[in-house]
Number of protein chains: 2
Amino acid sequence: MDKKNPLRVPKTEHKRVVIIGGGFAGIQLAKKLANTEVQVVLFDRNNYHTFQPLLYQVATAGLEPDAIAGPLRKLLENSKNIFFRMATVSEIKPDINTVFTNIGNLTYDYLVIACGSKTNFFGDPSKFEGAFPLKQIPQALDLRSHILQNFEEAVLTSDQEDLQKLLNIVIVGGGPTGVELAGALGELKKHVLPKDYPDVDFDNMNIYLVEGMDGLLGGMSDFADKHAQKYLKKFDAKVKLKTFVESFDGEYVTFKGGEKIRTNTLVWAAGVIGNVIPGLPDDCLERNRYKVDHFNKIKGTENVFAIGDIAYMETTDFPKGHPMLAPVAMQQGELLANNLKRLSQDKEPKPFKYTDKGSMATVGRNKAVVDLPKDVHFGGFFAWFVWMFVHLISIVGFRSKLVILTNWIWNYFTYDRGTRLIIRPFKPSQFGKLNKQEQPIK
Amino acid sequence: MDKKNPLRVPKTEHKRVVIIGGGFAGIQLAKKLANTEVQVVLFDRNNYHTFQPLLYQVATAGLEPDAIAGPLRKLLENSKNIFFRMATVSEIKPDINTVFTNIGNLTYDYLVIACGSKTNFFGDPSKFEGAFPLKQIPQALDLRSHILQNFEEAVLTSDQEDLQKLLNIVIVGGGPTGVELAGALGELKKHVLPKDYPDVDFDNMNIYLVEGMDGLLGGMSDFADKHAQKYLKKFDAKVKLKTFVESFDGEYVTFKGGEKIRTNTLVWAAGVIGNVIPGLPDDCLERNRYKVDHFNKIKGTENVFAIGDIAYMETTDFPKGHPMLAPVAMQQGELLANNLKRLSQDKEPKPFKYTDKGSMATVGRNKAVVDLPKDVHFGGFFAWFVWMFVHLISIVGFRSKLVILTNWIWNYFTYDRGTRLIIRPFKPSQFGKLNKQEQPIK
């Protein structure tokens, strides 16, 4: 390893833009800077971009990872000025314009923090050990294996209490992820799993969707909330509103007030927190997001930007910051690319203005809700079709579109889920002892 | 859990056939016994059947696991007399007609051992720690991640010695798996990886295929051997014949005679050994396979059978036992199903006779070799087409056929490999310390 240049990023006479994070914001920025007069270095801890809105379909055996993960090097192919480095950034030192990573340090002219968000267990993860977050592909695969293993064990279980532990699934958080996951699990319960497990009485399978507010799909319309609840009822999903979880120990989830539900499956879809990197002063932060001006520059810095979930920008439309959504991230990434180009031409940058094209959520087969701007709301089959279309065109890369479309058509017409595979070699067996095949593989 | 009947297999007045292993032999037998007058209980440690001939394509980022893994419950759907139990069998006690598993014990009327084979490191795995076997899906995924991680690290590496460690790949074993893997890696080297890693000099990437005999594709014709070698040369693969490996320490592979190659990637495709289960007397065994008569009954037992790789049957055509191949396994599974039916009707069972329909191997894009019975051999593009066709029709399940065909068409025309994802959350980083995302996921 070259001690002076451990990252082996070529020296350049152009400005160097370092981007941390290959999510929606980072990728959009990098692509818009492809083949321009700056050098771009993109860091991500994974070698792929994750299309998070469909993670729940990986968790419910509808898709394999390749459908929603795009290799970053592929996405940035043919961009001679972009250098990808797979690394974890540990610290930023803005006074010396340097980022520190597990593979070495690098100086920058402009730094763009696009690390997104991570699961937030209400500040105390120790109270929720054994809960399943759903932010990354390995987590989705782990949940898929866990659910299927529960059914394999349910076949062997006669004790009613033990059975409920295996067959109850509690989802915390009634936002789009929670609602869509509940719908997908409802479909598994209704159409897929009973064929696999004829010995299991599926009346015993309960899907709970728990939300602290008094409605689902917080950022969306009352129409969306009501229809989502109606659709979820068709799948027997049990919606518990104004309910707060207190703790989860792998056997019981305990709610505020003392009520308990027996389960070993608690899926956490209840909010996220900014994935902040050490190094900037604390007064840059507002509830774990970087306070940025209208050009996404972090307040108090000269050349450090934040885009996407991690950015907190107050505007007249959004006095408490923008929602942590993919469209915001993509629009900020695109605008910042243009503003960086303007800067290099000594032009004035343009302020960010979020164009809300609407929001939507699907609730199982044939059902979805869509909110468009100007109070246009609709649901049902047409909304479901719009949902599919929008997700298909949004996903990066033609191959992913093709894989997803093929899988969706297959799943729709066969009522099948082809990826119900338990691939979890490192996890101790549910059956009490470590199986041979579950030991680390050499 | 019901102590008396922990497996919750219903009591039956019919004969109970217990099958250990859901590979080619076990699945064929189970399917042919579907909806007949016996009760079938199938054990497998995984909940899926693995189409092993294409494992190497998972390892080389050409396919995701769902393409080659079929959920066993799906394959056996609508068979009311078949019960699948995901379990590891630890012992057989033939004197009390009982199998012991990690989830409980079960008695049988007929026992069929179809456990296949496992990787054999020439009897001493401690000499080959860090080698990559290629018999199971998690192993293939692990190899895929390892190879891609090596290239991510190669980007950072200037020292020539360190670089060779990352860019040399040594495959031990010149059978079909080794040859096909070498061809697939050759394609990655030639068509796919250079686009991803423009900074890496691919002249430094060496693919070694090491074989102890004086030719490749041992069971096949001289024609096949010569042509495979010719095709491999086009991909710059280096074939080393009459060469034996001595040891591998994760840094160097050492050959008999003392020669060493620097590499951290040794793929083991050099032979397998029967996956024997404790409990039968040692004189049932011949080189770790169960000695069976012409009806696949294990010698010295009354009601215990072995089929597939694990069965050692001497016939006039095969005085040293049959080759460990999928077609043998499937034909034995089918015949045993018919013989069990005949037994129940007090008819004479029929002896096994292997119908060899030929063998084949592909060597990268557009190239393959095919041996047919009666000394018909051909190679090149047409052979490659036959190879694809035969593999497509052989794989179980229409969904897998569809997924594989789609991927092959995509890979062929785009020179792309969509699944080049590093998904390996539990493995310590190559970069010396454990990354945060590489810690076990909660």
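Take B:Glu187 and tell me if it is acidic (Asp, Glu) and surrounded by 17 or more Cβ atoms within 10 Å (Cβ to Cβ).
Values: acidic (Asp, Glu): yes; surrounded by 17 or more Cβ atoms within 10 Å (Cβ to Cβ): yes.
For B:Glu187, the condition - acidic (Asp, Glu) and surrounded by 17 or more Cβ atoms within 10 Å (Cβ to Cβ) - is met.
Pairs linking a residue in region A:20-33 that is on the phi < 0 side of the Ramachandran plot to a residue that is of a type in the set (S, T, N, Q) and crowded, with 24+ Cβ neighbours inside 10 Å, with Cβ atoms under 6 Å and 6 or more positions apart or on different chains, are A:Ala25/A:Gln332.
Counting only helices (runs of 4 or more DSSP H) that sit wholly inside region B:34-77, those with at least 1 residues that are facing chain A (nearest Cβ under 10 Å) are B:65-68, B:72-75. Going through (1) in contact with a strand residue (DSSP E or B) (Cβ under 7 Å, 6 or more places away or on another chain); (2) more than 9 Å from chain B (Cβ to nearest Cβ); (3) more than 19 Å from A:Met330 (Cα to Cα) one by one, A:Glu13 falls short only on (1).
Scanning region B:97-106 for residues being within 14 Å of B:Gly279 (Cα to Cα) and either in contact with a helix residue (DSSP H, G or I) (Cβ under 8 Å, 6 or more places away or on another chain) or not polar (S, T, N, Q) (or both) gives a total of 2.
Return the residues of region A:303-352 that are among the small types (Gly, Ala, Ser) and on the phi > 0 side of the Ramachandran plot; say none if nothing qualifies.
Going through region A:303-352, the residues among the small types (Gly, Ala, Ser) turn out to be A:306, A:308, A:311, A:321, A:326, A:329, A:333, A:337, A:344.
Correct list: A:Gly308, A:Gly321.
Rundown of residues vs (1) within 13 Å of another protein chain (Cβ to nearest Cβ); (2) part of a strand (DSSP E or B); (3) closer than 22 Å to A:Gly333 by Cα; (4) of a type in the set (A, V, I, L, M, F, W, C), yes/no style:
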position: A:Ser90; (1), (2), (3), (4): yes, yes, no, no
position: A:Phe100; (1), (2), (3), (4): no, yes, no, yes
position: A:Asn105; (1), (2), (3), (4): yes, yes, no, no
position: A:Leu111; (1), (2), (3), (4): no, yes, yes, yes
position: A:Lys118; (1), (2), (3), (4): yes, yes, yes, no
position: A:Gly123; (1), (2), (3), (4): no, no, no, no
position: A:Lys135; (1), (2), (3), (4): yes, no, yes, no
position: A:Ala140; (1), (2), (3), (4): yes, no, no, yes
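For first residues located in region B:147-175 and in the same structural domain as B:Thr263 (by TED's automatic domain parsing), partners that are outside any loop (DSSP other than H, G, I, E, B) and hydroxyl-bearing (Ser, Thr, Tyr) and lie 6+ apart or on another chain with Cβ distances below 8 Å form the pairs B:Asn168/B:Tyr208; B:Ile169/B:Tyr208; B:Val170/B:Tyr208; B:Ile171/B:Tyr208. Among the residues of region A:136-164, those that are over 15 Å from B:Arg45 (Cα atoms) and of a type in the set (Gly, Ala, Ser) comprise A:Ala140, A:Ala154, A:Ser158. Considering (1) assigned to a strand (DSSP E or B); (2) under 17 Å from B:Leu181 (Cβ atoms), the lone condition that B:Thr254 does not fulfil carries the number (2). Residues in region B:13-28 include none that are surrounded by fewer than 24 Cβ atoms within 10 Å (Cβ to Cβ) and of a type in the set (Val, Ile, Thr). Name the one entry in B:Leu188, B:Leu193, B:Leu181 that is in contact (Cβ under 8 Å) with a residue 60 or more places away in the chain, assigned to a helix (DSSP H, G or I), within 14 Å of another protein chain (Cβ to nearest Cβ) and not charged (D, E, K, R). On inspection, the qualifying residue turns out to be B:Leu188.
For region B:357-387, the set of residues classified as surrounded by fewer than 16 Cβ atoms within 10 Å (Cβ to Cβ) and either under 21 Å from B:Leu209 (Cβ atoms) or free of Cβ contacts under 8 Å to residues at least 60 places away in the same chain (or both) consists of B:Lys357, B:Gly358, B:Asn366, B:Leu372, B:Pro373, B:Lys374, B:Val376, B:Gly380, B:Phe381, B:Phe382, B:Phe385, listed by residue number.
In region A:69-78 there is at least one residue that is within 16 Å of A:Pro53 (Cα to Cα) and either more than 17 Å from the chain's Cα centre (by Cα) or outside the structural domain of A:Arg262 (by TED's automatic domain parsing) (or both).
Look at A:Tyr312 and say whether it is in contact with a strand residue (DSSP E or B) (Cβ under 7 Å, 6 or more places away or on another chain), of a type in the set (Phe, Trp, Tyr) and at pLDDT 95 or above. Considered against the rule, which asks whether it is in contact with a strand residue (DSSP E or B) (Cβ under 7 Å, 6 or more places away or on another chain), of a type in the set (Phe, Trp, Tyr) and at pLDDT 95 or above, A:Tyr312 comes out as yes.
The values are calculated or read from the model by the stated rules, or taken from the named source; none is laboratory data. What you see is a predicted model; the values in this text were computed from it and never measured. FYI the Cβ positions are ideal-geometry reconstructions off the backbone, even for glycines, and counts take in every protein chain you see.
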